[in-house]
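A.B. asks: My structure is below; once you've seen it, I'll send some questions.
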Amino acid sequence: MPTILTAILSVVFFPITLLGSWLVVHPQEEVVLLRWGRFAGLMREPGLSWVNMWGRKAIRISTKQQAIEVHRTLVADGNGNPILAAAVVTFRFVDTRRAALEVEDAPGFVRTQAMAVLKQVASRYPYESATHETSLKSETAGIAREMRELLQSKVAAAGAEVASFELSDLSYAPEIARAMLVRQQAQALVDARKVIVDGAVEIVDHAIALLGEKGHRLQPSEQARLVSNLLVVICGESHVQPTVSMQSGEHRDQSTDDRMRELLETIAKNTGTKS
């Protein structure tokens, strides 16, 4: 029946049929042909072709590389903190029949799935981590690969091939940005203090060992005072004036106190910092 109807219309409206049945296929484009609602074939070769216009529907699908932007969207990260994330997806259609017939608006389908994948993956990981676990901020390459693979599994039905899925923007939401900045500054201060303390302990240990090698035998109480004063000098933010307590029940000769005072003053000059 469709064939007979096509033939009748072609004869009755011959001039219109002759002029209206030309079809142009552009480079990197494929045309999916439907004849009276049924799949009739694919046109891949660029150029001018003649296809009977009666009952014909031509769906054009571009096979060029395309890029879509997933605009900034509010997402809860793995710790439940609200963050703003945006991404860019690069893809192309490799199965034009599926793109034309399996989904409605193939580019829009890819865009919608990309937004869903972004939210889904971002909710699995924290924005940043102090324990060196996987985070959105530090493992961007791994996160991008995971998003690309997940999106590919979702858009295969549309005949699309995802080349890349990259985060283009990542930040805390404005309502918590200030609080997170304070937390980051506090964490940085704690980390810096830890480095200073670790270094100070190494210096003090080396100083006591070096004094022993030079023949300076210190009593336990003297070592305790030396350690205390050295740690204060090295770890202090402002210039520190070392002191030697003279109120001890233990017997000490003046020469030992003088040597300790000279040692502390020398260390204070070399390691003291300006406020």
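Here, each number is a calculation from the coordinates, and none is a lab measurement. It should be emphasised that the depicted structure is a prediction, and the values quoted were computed from it without experimental measurement. Because the Cβ atoms are built from the backbone with ideal geometry, glycine has one as well, and the counts that use them run over all protein chains shown.
A.B. asks: Between residue 189 and residue 88, what FRET efficiency follows from the Cβ-Cβ distance if R0 is 25 Å, with the result rounded to 0.05? Please list the in-between numbers first.
C.D. replies: Details: r = 36 Å, r/R0 = 1.43.
Result of the calculation: an efficiency of 0.10.
A.B. asks: Could you calculate the FRET efficiency of residue 129 with residue 44 from 1/(1 + (r/R0)^6), where r is the beta carbon distance between them and R0 is 41 Å, rounded to 0.05?
C.D. replies: On the way: r = 49 Å, r/R0 = 1.20.
E(calc), rounded to 0.05, equals 0.25.
A.B. asks: On to the next question. Report the paramagnetic label zone for residue 161: residues of region 63-82 whose backbone N is under 18 Å from a point 7 Å from Cα along the Cα-to-Cβ axis.
C.D. replies: Output list for this probe position: 63-68.
A.B. asks: Next question, about the same structure. Quick one: what are the phi-derived ³J(HN,Hα) couplings along region 38-46, Karplus 6.51/-1.76/1.60 with θ = phi - 60°, whole Hz, x for glycine and proline?
C.D. replies: Computed from phi, the couplings for region 38-46 are 10, 5, 10, x, 10, 10, 10, 6, x Hz.
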